[in-house]
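Take a look at the structure below.
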Amino acid sequence: MRVDNLVISSPNALLVQGISVPLAAGTCTALVGESGSGKSLTALALMDLLPPNLEAEGEGLDSVRTLRRAMVFQEPMTALNPTMRVGAQIVEAAIARGAEPTEAKAKAIRWMERVQIPEPQASFRKYPHQLSGGQRQRIMIAMAMVQDPVLLIADEPTTALDHAVAHDILTLLRQLQQETGMTMLFISHDFDAVAAVADHILVMRNGIVVEAESANDVLESPKHPYTQGLLASRPPVGRKPLRLPTVQDFLEGTPPSSAERPVFAGKTPLLEVKQLAKQYKGITVFADLDLIVHEGETLGLIGASGSGKSTIAKCLVNLVQPDGGEIFYRGKRIDGLSRAGRQAMAREIQYIFQDPFSSLSPRMTVGEAIREPMRVHGLQGSPEEQKEKVLELLQAVGMPQEAYDKYPHAFSGGQRQRIGIARTLAVQPHLVICDESVAALDVSVQAQVLNLLNDLKDAFEFSYLFISHDARVVQYMSDRTMELTVQPKTSHP
């Protein structure tokens, strides 16, 4: 089974240009590429879910559409109905495929057990918000598998998950695919995820396939410069090159640099945390936490979801009040500050959020968004001087001056993150907290943003608290690392 010469077009353009997708029974084909390469459009064409203004045609496409198909989407929180219990949603999927209600419920609970949902009978009656991200994705897999699909399409199913949970989900998908003999089409920009499940890999760029080989051949001996660039963009294990190679370097034939980042030798404390503790509803998030960030240092915080990484960061900027412990900035205690004190400290410690689209106001132009903190803190003089500083910051983060008058929706994810970084730098902070700030980016864009963060640190001489669940990224960016573990869920009176 395969689809050949698949073409997807809009009234104005060819979006996918004559690609062939092998879909052999019992195997997994992976589509890999950056955002906009046509991966998800290909999946939607196979599912017959394209928007009305797009058309698809290809040899074998109609035959594939007669198969029993199911799809696992990237973000289960938006794919699941928040007003329905998860068990009812799985039952609904089974009934849609012809099962009787009693049979459908038994089948739903059986699949909840198979995808390792804890306490399936109790979880059956929970709503999506009552489950963790990994559990919600397992529910999505159960909803797909209860339909007994011949073809399962998984579109970026682990992008939003931490690595331990993602590994479990990938292992589960591969196990189910091999047990049932179904065909799987796996879509991702993450070669680590692809390596765990794929038999065959298609590398897509701008709607065409630039390389199509067995998984082993693509991963071990990539031939196309684009594929080589994607593989090389990931931070290496055990090394800290001065700059990460990018896809553009390989397309232009620029050799990667062999220079390594210098070893950090500073000893002057900038931020000190002593015996910090926090609970939510009687549940311990962290306790007796100590950490130090030195002037000019990048401290990496790594840990699974629920380990308290983001809560620690929010305590540092007074968005969350700790239940115990002390926080010192340049020797001065900063937890429990007054409103005026918090505003003054906001100039010193700034935050780069994970999702720049939700942290930038859609009603403000880019220029207004970057100018706003200058205006609030009375920096850079007159409005004209503030605008000049904004244009300098846009240039510093690699954005054109024309971006000043545009709105966030006009930019890609990587460009929006650059804008968010420029906004952070507008108040000239001395400590910048990066909270999963590259987690949602393609691997090639991630490399560009990591290079930019290091360049800006060298140019503006600030420190980073770098938070991520990605061990490779944290090890590459950090001078020291600190690993957090999920606290046992012990209740306190």
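Tabulated data
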| quantity | calculated |
| --- | --- |
| Which numbered condition residue 154 misses (of (1) aliphatic (A, V, I, L, M); (2) crowded, with 16+ Cβ neighbours inside 10 Å; (3) out of contact with any Phe, Trp or Tyr (no Cβ under 6 Å at 6 or more places or on another chain)) | (3) |
| Extreme residue, modelled with the highest pLDDT, among residues of the range 273-310 that are assigned to a loop (DSSP other than H, G, I, E, B) and under 30 Å from residue 130 (Cβ atoms) | 308 |
| Residue list for the range 400-424, restricted to those being at pLDDT 90 or above, closer than 18 Å to residue 445 by Cα and either acidic (Asp, Glu) or part of a loop (DSSP other than H, G, I, E, B) (or both) | 400 |
| Odd one out for residue 196 among (1) surrounded by fewer than 22 Cβ atoms within 10 Å (Cβ to Cβ); (2) assigned to a helix (DSSP H, G or I); (3) in contact (Cβ under 8 Å) with a residue 40 or more places away in the chain | (3) |
| When residues of the range 361-390 are limited to those that are surrounded by fewer than 16 Cβ atoms within 10 Å (Cβ to Cβ) and among the hydrophobic types (A, V, I, L, M, F, W, C), the one farthest from residue 346 (Cα to Cα) | 364 |
| Single residue of the range 181-193 satisfying the filter (touching a Lys or Arg at 6+ places or on another chain (Cβ under 9 Å) and part of a strand (DSSP E or B)) that is modelled with the lowest pLDDT | 188 |
| Residues of the range 119-131 that turn out to be closer than 18 Å to residue 168 by Cα and exposed (fewer than 13 other Cβ atoms within 10 Å of the Cβ), as a count | 1 |
| Of residues in the range 213-254 being in a loop (DSSP other than H, G, I, E, B) and touching a Ser or Thr at 6+ places or on another chain (Cβ under 8 Å), the one surrounded by the fewest Cβ atoms within 10 Å (Cβ to Cβ) | 242 |
| Subset of the range 336-359 (residues that are free of Cβ contacts under 8 Å to residues at least 24 places away in the same chain, hydrophobic (A, V, I, L, M, F, W, C) and not in a helix (DSSP H, G or I)) | 337 |
| Residue that is nearest to residue 88 (Cα to Cα), among those in the range 107-139 that are of a type in the set (D, E, K, R) and in a helix (DSSP H, G or I) | 107 |
| Residues of the range 146-172 satisfying the condition of being farther than 20 Å from residue 34 by Cβ, out of contact with any strand residue (DSSP E or B) (no Cβ under 6 Å at 6 or more places or on another chain) and either basic (Lys, Arg) or outside any loop (DSSP other than H, G, I, E, B) (or both) | 163, 164, 165, 167, 168, 169, 170, 171, 172 |
| Number of positions in the range 255-272 that are more than 30 Å from residue 335 (Cα to Cα) and either aliphatic (A, V, I, L, M) or surrounded by 12 or more Cβ atoms within 10 Å (Cβ to Cβ) (or both) | 5 |
| Considering residues of the range 463-472 that are buried (at least 23 other Cβ atoms within 10 Å of the Cβ) and of a type in the set (A, V, I, L, M, F, W, C) only, the residue nearest to residue 308 (Cα to Cα) | 467 |
| Residue check, residue 178 part of a loop (DSSP other than H, G, I, E, B), surrounded by fewer than 21 Cβ atoms within 10 Å (Cβ to Cβ) and in contact (Cβ under 8 Å) with a residue 24 or more places away in the chain | no |
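The values are calculated or read from the model by the stated rules, or taken from the named source; none is laboratory data. Note that the coordinates shown come from a computational prediction; the quantities given were computed from them, not determined experimentally. All Cβ positions, even for glycine, are placed from backbone atoms using ideal geometry, and neighbour counts span all protein chains on display.
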